[in-house]
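Asker: Have a look at this one before I ask anything.
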Amino acid sequence: MGAFESILLTVITAATPLLLAAIGELVVERSGVLNLGVEGMMIVGAVMGFAGAQATGSPYLGAVFALVSGMGMALLFGFLTLHLVANQVATGLALTLLGLGLSGMIGEAFVGQPGIRLTGIEIPVLSDLPLVGRLLFGQDVLVYLSLALVAGVSYVLFRTRAGLIIRAVGDNHSSAHALGVSVLKVRYLAVLFGGACAGLAGGYLSLVYTPQWVEGMTAGRGWIALALVVFATWRPLRVLAGAYLFGAVGILQFHAQAHGVAIPSQFMSALPYVATIAVLVIISRNRILTRVNTPACLGRPFVPDR
Amino acid sequence: MRLELEKRPERSTLMALLSPVIAITLTLVTGAVLFAALGQNPAVALYMFFIDPLTASWSLQELVVKATPLILIGVGLAVCFLSNTWNIGAEGQFTAGALAGSMLPILLPGFESFLTLPLMLLMGIAGGMLWGGIPAFLKVRFGTNEILTSLMLVYISQLLLDWLVRGPWRDPEGFNFPESRVFSDAATLPALADGRMHVGAIFAVIAVLALSVVLLKTLKGFEIRVLGQAPRAGRFAGFSRNKIIVFAFLLSGGLAGLAGISEVSGSVNQLTPVISPGYGFTAIIVAFLGRLNPIGIFLSGFLLALSYLGGEAAQVTLGISDKTTRVFQGLLLFYVLACDTLILYRIRFARPGVSAKGA
């Protein structure tokens, strides 16, 4: 395997959790809800994914555990912000704080235990092709799922009636309500979808990226995913590009170290965070681009009047 | 059964006072269930968590030590949240303040005079303001989302601290431990009594009193609240949204920086790779539980400080993980936010299909 090929492979593994979390949050925000609890849902997904794989012996069931636990967290968020119209920013923060605490408590028994890796698929002949074999036909199912999700979300949002309803609810909830759309129902579904994606993204970390449980192992990836949605100006395909860009930035440190670059490791570790700020500045400078695409009701609570 | 909200004609003052109490009660009930699920006697566990730490004088002092940074940061954040500015990077501003203030005793250990401490404190405040100023500047200049930038700066400040104590600032006589040199007496905040309590507690009291006056009695306080609750009205009144963003970030950053240098100089006495058990994030809970009111924050600061102590105590005596502290804190914020709904709304349970005034 060539050096270039191995770099590409690591970029894919680093990008996939970001992509999963960001594509979920994109749908949530398109429906007008700002869920800042991605980091919390993700870390609970990571610990539950690990726990599920340990309990059942199957990494695939582990991924299901991760997905469901992410949805559970999202349900909590949905109840507070949609039913009780609590402040979305504050509730999202609460979800992150609770998730970090819960995962630390649940995961205490797992610290230092070897995990079960969700391995790549093997297609006879195709996976063994020179150069592109491992890259295109030897990834794990979640990589393919993440790419399928981008295509699916892109199609549903912009080509179907359901997508039109989601965007209508996000852009003008009062009009959508007047047209007979159940705003809360649409938003609940979107929030749950976001939770499932974030949970799965967390599961990817503890099942594929580094198959073990380390406290706080999401290390801000949930927040970076939130930034990616802004960076992508709420467009699925741009989320894909952004996630792979950040995946590349994230793994830079390992390759730099391997090639003996004499920069303190902390500086390399800080790179994704600095890069996040940089791209946010670049994208926010273009106010028209942001304003055109931002869901107009983003973060605004909706109380149906009767 | 369906849950419906009915808007109250006006804010319920009663609920505004009651909601933190209900939230705390619900947290305790949930805690009891949690402990029972962990196989503990809930009554004993809750006693160990929330009452036992209040029974010894050393732990009361420790309570003040832990409440100090929470209150200092919390009152600053209250100004941010009241003006609808979302600074969630106080943890980073705390670290930046600690780093800036520690420059003096670490780089110039020979400089011991009556000026050492005041200079350190000023540098700590400046460091926190600088770190808080970055997201404010980016927000005002480019419209960048301040939530994300202030949070990213937390990670950056922690990595900076990690690099400094393992690299350039490592104690040359420290046997290669990742620690800075220990501060000299001239660089140590004096103790208040014979124990761990230090002068930082007085800063917290002053901050609470000063901000109570600013928020309730001055035009600035009015400006903060108007821009937070009715931005359009604020604009017509000639208040500048941008100025308030910068003000809120510099104020809360400065206070977090002061908390950081006070903690390092008064309590830890050197820099280590981890200098805070998440004070900057817990202070968000303190601010909300205290209803964004300085006096309320003073009280809630002690409650959350107690949750830290209780976690340690319960770990020692009952073998319960100290991670439960974080769970309690997270739950508490959830309940506070949920109960705050009661201030503006009445909650009704309606049968499906039947609505009071028709659909």
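Asker: Highest GNM mean-square fluctuation, chain B, Cα pairs closer than 10 Å: which of B:Ser262, B:Ser184, B:Ser102?
Answerer: B:Ser184
Asker: Just add up the charged neighbours of B:Leu18: K/R +1, D/E -1, any other residue whose Cβ is under 15 Å from the Cβ of B:Leu18.
Answerer: Numbers: positive: B:Arg8, B:Arg11, B:Arg291, B:Arg346; negative: B:Asp340.
Every neighbour counted, the sum reads +3.
Asker: Another question, if that's okay. Would you mind classifying chain B by shape? Square roots of the alpha carbon gyration tensor eigenvalues, ordered a ≥ b ≥ c; an a/c under 1.5 is rounded, otherwise it is prolate if a/b is larger than b/c and oblate if not. Don't jump to the answer; show the numbers that get you there.
Answerer: On the way: a/c = 2.09, a/b = 1.31, b/c = 1.60.
Oblate.
Asker: I've got another one for you. Order of B:Asp185, A:Asp140 from fewest to most other C-beta atoms within 10 Å?
Answerer: On the way: B:Asp185 8, A:Asp140 21.
Ranked by crowding around the Cβ, least crowded first: B:Asp185, A:Asp140.
Asker: Enumerate lysine pairs in the protein assembly as shown that are 8 or more residues apart or on different chains, then count those whose Cα atoms are under 27 Å apart. Please list the in-between numbers first.
Answerer: On the way: A:Lys185/B:Lys7; A:Lys185/B:Lys357; B:Lys7/B:Lys357; B:Lys66/B:Lys323; B:Lys139/B:Lys220; B:Lys139/B:Lys243; B:Lys217/B:Lys243; B:Lys220/B:Lys243.
Lysine pairs, 8 or more places apart or on different chains, close enough: 8.
Asker: To continue, here is another question. So what's the gap between the Cα centers of the range B:297-329 and the range B:233-265, to the nearest angstrom?
Answerer: Rounded to whole Å, the Cα centres lie 29 Å apart.
Asker: Using Cα atoms only, what is the angle between the long axis of helix B:200-217 and the major principal axis of chain B, expressed in degrees (0 to 90) to the nearest 10?
Answerer: The helix B:200-217 is inclined about 40 degrees to chain B.
Asker: With n ≥ 4 as the cut-off for DSSP H runs, can you work out [θ] at 222 nm for chain A, using -39500 (n - 2.57) per run divided by the number of residues, rounded to the nearest 500?
Answerer: Numbers: 13 runs with 213 residues, N = 306.
Taking each H run of at least 4 residues, the total per residue is -23000 deg cm²/dmol.
Asker: Okay, moving on. Please rank B:Cys339, A:Cys197, B:Cys80, fewest neighbouring Cβ atoms within 10 Å first, as an exposure proxy.
Answerer: Values: B:Cys339 21, A:Cys197 33, B:Cys80 30.
Least crowded to most crowded, the residues run B:Cys339, B:Cys80, A:Cys197.
Asker: To continue, here is another question. Can you grab the distance from the C-alpha centre of the range A:75-133 to the C-alpha centre of the range A:184-251, Å, no decimals?
Answerer: Comparing the Cα centres of the range A:75-133 and the range A:184-251, I get a distance of 9 Å.
Asker: What angle, in degrees between 0 and 90 and rounded to the nearest 10, separates the Cα long axis of helix B:146-166 from the longest principal axis of the Cα atoms of chain B?
Answerer: 30 degrees
Asker: Same structure, new question: Once you put a point 7 Å from the Cα of B:Phe222 and another 7 Å from the Cα of B:Ile295, both along the Cβ direction, what distance in nm separates them?
Answerer: In this crude label model, B:Phe222 to B:Ile295 measures out at 2.1 nm.
Asker: For labels at B:Leu119 and A:Ile123 in the simple 7 Å Cα→Cβ model, what's the distance in nm?
Answerer: Between B:Leu119 and A:Ile123, the simple spin-label model gives 6.8 nm.
Asker: Where does helix B:294-318 land angle-wise versus the long Cα axis of chain B, in degrees 0 to 90, nearest 10?
Answerer: Once rounded, the angle reads 70 degrees.
Asker: If you don't mind, there's one more thing I want to ask. Let me confirm one metric for peptide A:168-179, namely the mean number of other chain beta-carbon atoms within 10 Å of its residues' beta-carbons.
Answerer: Numbers: counts 0, 0, 0, 0, 0, 0, 0, 0, 0, 0, 0, 0.
For peptide A:168-179, the averaged partner shielding equals 0.
Asker: Right, something else. Would you tally the net charge around A:Ala296, using a Cβ to Cβ cut-off of less than 13 Å, leaving A:Ala296 out, and scoring K and R as +1, D and E as -1? Provide the component values of the computation, followed by the final result.
Answerer: Working: positive: A:Arg30, A:Arg167, A:Arg291, A:Arg300; negative: A:Glu29, A:Asp171.
My count for the surroundings of A:Ala296 gives +2.
Asker: Pick out which of A:Glu29, A:Glu215, A:Glu122 has the largest mean-square fluctuation in a Gaussian network model of chain A, springs linking Cα atoms closer than 10 Å.
Answerer: Per the Cα network of chain A with a 10 Å cutoff, A:Glu122 tops the list.
Asker: Need one word for the range A:197-306: rounded, prolate or oblate. Basis is the Cα gyration tensor (sqrt eigenvalues a ≥ b ≥ c); a/c below 1.5 gives rounded, then a/b vs b/c decides.
Answerer: Working: a/c = 2.69, a/b = 1.57, b/c = 1.71.
It is oblate, given that a/c is not under 1.5 and a/b is not larger than b/c.
Asker: Another one. Over the range B:79-201, what is the mean sequence separation of C-alpha contacts under 8 Å (at least six apart), divided by residue count, expressed as relative contact order in percent?
Answerer: Numbers: 150 pairs, mean separation 35.3, N = 123.
Averaging sequence separation for qualifying contacts and normalising by length gives 29 percent for the range B:79-201.
Asker: With each label point set 7 Å from Cα along the Cα-Cβ vector, what nm distance links B:Leu344 and B:Leu18?
Answerer: According to this spin-label approximation, the distance is 1.9 nm.
Asker: Related question: Provide the FRET efficiency to the nearest 0.05 for the A:Leu289-B:Ala186 pair, computing r from the beta carbons and using R0 = 41 Å.
Answerer: Numbers: r = 54 Å, r/R0 = 1.33.
The computed FRET efficiency comes out at 0.15.
Asker: Let me ask you something else. Counting other beta carbons within 10 Å of each Cβ, put B:Phe94, A:Phe158, A:Phe267, B:Phe49 in order, fewest first.
Answerer: Details: B:Phe94 37, A:Phe158 12, A:Phe267 15, B:Phe49 26.
Starting with the residue having the fewest Cβ neighbours, the order is A:Phe158, A:Phe267, B:Phe49, B:Phe94.
Asker: According to the square roots a ≥ b ≥ c of the eigenvalues of the Cα gyration tensor, what is the shape class of the range B:35-148, taking rounded for a/c under 1.5, prolate for a/b larger than b/c otherwise, and oblate for the remainder? Could you put the intermediate results ahead of the total?
Answerer: Working: a/c = 3.00, a/b = 1.36, b/c = 2.21.
It comes out oblate by the Cα gyration axes.
Asker: So which DSSP H runs in chain A come out at 24 Å plus along the axis (Cα) with average Kyte-Doolittle of at least -0.5?
Answerer: Flagged H segments are A:3-30, A:38-56, A:59-78, A:88-107, A:141-159, A:183-204, A:236-258, A:265-285.
Asker: Mind checking B:335-342 for the average number of partner chain beta-carbons within 10 Å of each residue's beta-carbon? Don't skip to the answer; put the middle values down first.
Answerer: On the way: counts 2, 3, 10, 8, 2, 5, 6, 1.
That average works out to 5.
Asker: What is the local net charge at B:Tyr155, summed over the other residues whose Cβ is closer than 13 Å to its Cβ (Lys, Arg +1; Asp, Glu -1)? Walk me through the intermediate numbers first.
Answerer: Values: positive: A:Arg221; negative: A:Glu39, B:Glu91, B:Asp162.
Result for the neighbourhood of B:Tyr155: -2.
Asker: I want to verify a result. In a Gaussian network model of chain A, Cα cutoff 10 Å, which of these has the top mean-square fluctuation: A:Val274, A:Val208, A:Val153?
Answerer: A:Val274
Asker: Right, something else. Suppose only helical runs count, i.e. DSSP H with n ≥ 4. What mean residue ellipticity at 222 nm does that imply for chain B under -39500 (n - 2.57) per run, divided by all residues and rounded to the nearest 500 deg cm²/dmol?
Answerer: Details: 13 runs with 241 residues, N = 359.
Rounded to the nearest 500, the figure is -23000 deg cm²/dmol.
Asker: Could you state the number of Å between the C-alpha centres of the range B:80-106 and the range B:117-144?
Answerer: If you average the Cα positions of each part, the centres end up 7 Å apart.
Since every read-out is calculated from the coordinates, none of them should be taken as a lab result. It should be emphasised that the depicted structure is a prediction, and the values quoted were computed from it without experimental measurement. A quick note on method: Cβ atoms are made from the backbone with ideal geometry, for glycine too, and the neighbour counts reach across all protein chains shown.
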